[in-house]
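Quick note: the coordinates plus some simple rules give every number you see, no bench work behind them. A quick note: this is a predicted structure, and the numbers were derived from the prediction, not measured. Here the Cβ positions follow ideal geometry from the backbone for every residue, glycine too, while neighbour counts run over all protein chains shown.
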Amino acid sequence: MARVKRGPKRAAKRKKVLKLASGFFGTKSKAYRMAQQAVDKALGYAFVDRRKKKRNFRSLWILRINAAARINGMSYNRLIAGLKAAGSTLDRKSLADLAVKDAKTFADIAAVAKKALDDAPAKAAPAAKAAAAPKAARKQSAGAAAASAAKSAKAAKAAE
């Protein structure tokens, strides 16, 4: 059987790796073996950092929203809770953009969130308690759950 030396395939492969390594310092852009290692490492970092970029932008948006929310007299978490209670579908990216570019509109949105929070506590409290309850407590029988609901209703009337 004849010996195969790969010829143009080998040259093309090396050329591709060296092209990807262009701009690297020293041997990493000139010697194929070092260039291949550098390119592998760089592509690994690129993959990870594309995901980190998303995290970093979300953090930036939250910082901007928090700063604007505090200017309007509320914290970030109260603003987000109020927007959810109001049924808003604005995401953090657009909220941050409004906070930076259009403070008046953001103030109107904060007012809507504040109003929704003022209206919501009476309705949202039982739902929040149920969500915060541990798994074991949620697995109570129907009778035990009804009894505890009646007990909390009595306590609420006594508090009034």
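Between region 1-38 and region 89-104, what is the separation of their alpha carbon centroids in Å?
Using only Cα atoms, the two centres lie 48 Å from each other.
Is region 1-71 best put as rounded, prolate or oblate by its Cα gyration tensor, with a ≥ b ≥ c the root eigenvalues, rounded for a/c under 1.5, and otherwise prolate when a/b is larger than b/c, oblate when not?
Prolate shape, in that a/c is at least 1.5 and a/b is the bigger ratio.
For a quick check: sort M74, M1 by the number of other beta carbons within 10 angstrom, fewest at the front.
Starting with the residue having the fewest Cβ neighbours, the order is M1, M74.
Roughly what would the spin-label model give for Q37 and S75, points 7 Å off Cα along C-beta, in nm?
If labels sit at Q37 and S75, their model points lie 5.0 nm apart.
Order of Y32, Y76 from fewest to most other C-beta atoms within 10 Å?
Y32, Y76
Let's test the formula: R0 of 45 Å, r as the Cβ-Cβ distance of V4 and N56. What FRET efficiency results, to the nearest 0.05?
The calculated FRET efficiency here is 0.40.
What aspartates and glutamates sit close enough to K104 to cross-link, taking a C-alpha to C-alpha distance under 19 Å and skipping anything fewer than 8 places away on the same chain?
Candidates past the 8-residue exclusion: D91.
Distance in nm between label sites at D91 and T27, each 7 Å beyond Cα in the beta-carbon direction?
Distance between the two pseudo-spin positions: 4.6 nm.
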